[in-house]
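Novice: If you scroll down you'll find the structure; I have some questions about it.
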Amino acid sequence: MNATVKKRKKIKKEEVVGVVLAAGPLLGFFIFGFIPMVLAVFMSFMKIRGFSFDGARLVGFENYRYVFTDPKFGKAMLNTLYAAVSMPVSIVCSLFIATLLNKKVAGTKVFRTILFLPYVCSVVAITTMWKWMLNTDFGIINEILKRLGVEKVPWLTDSTYFMPSMLIMGVWGGTGFGIILYSAALGNVSKSLYEAAKIDGANRRQQFFSITVPSISPTTFYLFVMGLIGALQDFVRFQIMGGDGGGPGESGLTAVFYLWRMGFKNFIVQGMGMASAVSLILAALIIIITIINFKVSKYWVHND
């Protein structure tokens, strides 16, 4: 009897400890996640000048109407989708490099570590480094091109070259994470599948597209979904590279950049109400795209 009572007390104690440990993250989400989301919904229907609710008034869907009819919002969305091109390119590069590093040769771990470093470094530091490298007058990239007989390229001062520069930086910075995940996924592909394919006369290219690609499709799906969500929220590196103006001709004005300018730069004219409306539109877009990705995934993601 005493043993049963002690066991029950131990279970209750463990339950209390579990509730206490789980309460921290839940409380943090409630304060810093749920409450701001609810406020954003209410604020999106209000006209708010500055950072105070003094003089705030309900305007219905006026903020949404303004955003959807603003040519700059359309341009910001197109720029965001353009910038997202670096994501599939990064996935392809990650798979190619991971396949090379998956071979049993010396130094693969060192190369994986080196390639992964850009992903864990500060975005601000990495972007500042690229800003120096792409500088028209003293950047190392233009210096290399000069030695090859190519004239200086205005990477960050010409709208024609600004976004390609950001794409190159995006591919360079995002490839390392994919390499690590693909390296793990490639190591889990059954060797018996390749042996059976060799017996059937399949060459390396056929083995790659018929065995490797389907087997690692869950990893590809994860990288694609998370990469697309991240691309739709890209902001910091565009602000550092292009300044508050969004780069030459606003060629670097992304959706979140547009949101930031409304809420924090042009807050007297536009304000937090419109910024909240933009945030909810962007959130709805991310949710819709993610749902579509999950629906379509059943046609190409293999979980066997």
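The rows are residues; the columns are (1) outside the structural domain of M262 (by TED's automatic domain parsing); (2) within 19 Å of L186 (Cβ to Cβ); (3) of a type outside the set (G, A, S).
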{"site": "P25", "(1), (2), (3)": "yes, no, yes"}
{"site": "G28", "(1), (2), (3)": "yes, no, no"}
{"site": "G33", "(1), (2), (3)": "yes, no, no"}
{"site": "V85", "(1), (2), (3)": "no, no, yes"}
{"site": "L95", "(1), (2), (3)": "no, yes, yes"}
{"site": "N102", "(1), (2), (3)": "no, yes, yes"}
{"site": "G107", "(1), (2), (3)": "no, yes, no"}
{"site": "T113", "(1), (2), (3)": "no, yes, yes"}
{"site": "F116", "(1), (2), (3)": "no, yes, yes"}
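Novice: Check D244 against each of (1) part of a helix (DSSP H, G or I); (2) under 30 Å from R57 (Cα atoms); (3) free of Cβ contacts under 8 Å to residues at least 24 places away in the same chain and name the one condition it does not meet.
Specialist: (1)
Novice: Sticking with this structure for a sec: What residue, among those in region 273-304 that are surrounded by 11 or more Cβ atoms within 10 Å (Cβ to Cβ) and among the β-branched types (V, I, T), is farthest from V256 (Cα to Cα)?
Specialist: Applying the filter and picking the extreme gives V301.
Novice: Something else: Could you check region 57-75 and list, in sequence order, the residues that are in contact with a strand residue (DSSP E or B) (Cβ under 7 Å, 6 or more places away or on another chain) and either modelled with pLDDT of 90 or more or surrounded by fewer than 15 Cβ atoms within 10 Å (Cβ to Cβ) (or both)?
Specialist: The answer is R57, L58.
Novice: Still on this model: What helices (runs of 4 or more DSSP H) completely inside region 37-125 contain at least 3 residues that are free of Cβ contacts under 8 Å to residues at least 24 places away in the same chain and hydrophobic (A, V, I, L, M, F, W, C)? I'd like the intermediate steps shown before the answer.
Specialist: Details: elements: 62-69, 71-83, 86-101, 108-120.
Of the helices (runs of 4 or more DSSP H) lying wholly inside region 37-125, those with at least 3 residues that are free of Cβ contacts under 8 Å to residues at least 24 places away in the same chain and hydrophobic (A, V, I, L, M, F, W, C) span 86-101, 108-120.
Novice: Mind checking whether some residue in region 227-237 is out of contact with any helix residue (DSSP H, G or I) (no Cβ under 8 Å at 6 or more places or on another chain), of a type in the set (D, E, K, R) and part of a helix (DSSP H, G or I)?
Specialist: The answer is no; no qualifying residue exists.
The values are calculated or read from the model by the stated rules, or taken from the named source; none is laboratory data. Here the structure is a predicted model, which is why all the values come from computation and not from measurement. Ideal geometry is used to build each Cβ from the backbone, glycine not excepted, and the neighbour counts take in all protein chains shown.
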